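Presented below is the structure to which this report refers.
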Amino acid sequence: MGTYRQYCPIARASEILAERWTPLIVRNLMFGADTFSAIARGVPTMSRSMLLKRLDELERAGVVESCAKAQGRGHTYRLTEAGADLAGIIDGLAAWGERWLEVTTEHSDAGFALWAWGQVQMNRSALPTDRVVVAFIFADERPSNRRYWLLIDRGEAEVCYSDPGGRPDLVVEARSRAFVDWHRGARSWRDAIRSGDITLTGPAWLRRSFPTWNSHG
């Protein structure tokens, strides 16, 4: 982490926060990601070595603290008081980006949308109480980002990156841009379905229920 050699508080704060990836790591922690894997899944194109470096820098700067897991290997991470105080800055960046920047196809990573959905944007009160497996297929994505699963059990939901087993109860096939736009509230569910950009295969009650799980839907 370099220094601008200026006493200005903007310069000193920028030494920590203006590093590439750092605001996204802070965002992920604010979203409730508290393990290395959970944080990494919110920045899927970031190398693991760079994530380790940034977490170490944030810890040395007093923004993040870690502790060894009580069971198993690895650590858990959380924001310190100073880190939590960045909420206003992260919210401000979000508001500025929403107001002034367009979402393009390059910004339409369906895997990230599912991660964010599972972390903070899931309407859990609308979820089925029984076990349900939803398979997602994004045919326009590269193979490594093409298939995901959502496992719902007892009103809780978890995004899975490998097949949890069993035949899916619902299959969602979608174009990435259409799914992302619907998820973030920029496109109506009716329009996405009518256009064929999103299709559902499964029982009628699940097809009706699915869009109500999205807090922006």
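The values are calculated or read from the model by the stated rules, or taken from the named source; none is laboratory data. Predicted model, so just to flag it, every value in this text is computed and none were measured. Backbone-built Cβ (ideal geometry, glycine too); neighbour counts: all protein chains shown. Surface accessibility is based on the protein's heavy atoms, side chains included, excluding ligands, DNA and RNA. Shrake-Rupley method; radii C 1.70, N 1.55, O 1.52, S 1.80 Å.
Points to keep in mind about this one:
- For the stretch 176-217, residues that are surrounded by fewer than 13 Cβ atoms within 10 Å (Cβ to Cβ), part of a helix (DSSP H, G or I) and not aromatic (Phe, Trp, Tyr) total 5.
- Extreme residue, farthest from the chain's Cα centre (by Cα), among residues of the stretch 109-160 that are over 15 Å from VAL171 (Cα atoms) and among the aromatic types (Phe, Trp, Tyr): TRP117
- Only residues that are farther than 17 Å from ALA110 by Cβ and of a type outside the set (Val, Ile, Thr) were counted in the stretch 182-201, giving 4.
- Residues satisfying the stated conditions in the stretch 67-98, i.e. within 14 Å of ASN28 (Cβ to Cβ) and hydroxyl-bearing (Ser, Thr, Tyr): THR76, TYR77
- Verdict on ILE137 being within 30 Å of ARG12 (Cβ to Cβ), surrounded by 12 or more Cβ atoms within 10 Å (Cβ to Cβ) and of a type in the set (A, V, I, L, M): no
- Which numbered condition ILE89 misses (of (1) within 18 Å of the chain's Cα centre (by Cα); (2) within 25 Å of LEU51 (Cβ to Cβ); (3) open to solvent by 60 Å² or more (accessible area, probe 1.4 Å); (4) in contact (Cβ under 8 Å) with a residue 60 or more places away in the chain): (1)
- Number of residues in the stretch 150-175 that are assigned to a strand (DSSP E or B) and open to solvent by less than 40 Å² (accessible area, probe 1.4 Å): the value is 10.
- Condition check for GLY166 on (1) at pLDDT 95 or above; (2) more than 30 Å from GLU98 (Cα to Cα); (3) of a type outside the set (A, V, I, L, M): one failure, at (1).
- The set of residues from the stretch 67-121 being over 18 Å from SER176 (Cβ atoms) and touching a Ser or Thr at 6+ places or on another chain (Cβ under 7 Å) comprises CYS67, LYS69, GLY74, HIS75, THR76, TYR77.
- Subset tally (residues that are under 30 Å from PRO143 (Cα atoms) and not β-branched (Val, Ile, Thr)) for the stretch 44-71: 11
- The stretch 1-80 holds helices (runs of 4 or more DSSP H) entirely within its bounds, and those carrying 2 or more residues that are exposed (fewer than 14 other Cβ atoms within 10 Å of the Cβ) map to 9-17, 48-60.
- Test: LEU79 is in contact with a Phe, Trp or Tyr (Cβ under 8 Å, 6 or more places away or on another chain), on the phi < 0 side of the Ramachandran plot and in contact (Cβ under 8 Å) with a residue 40 or more places away in the chain: no
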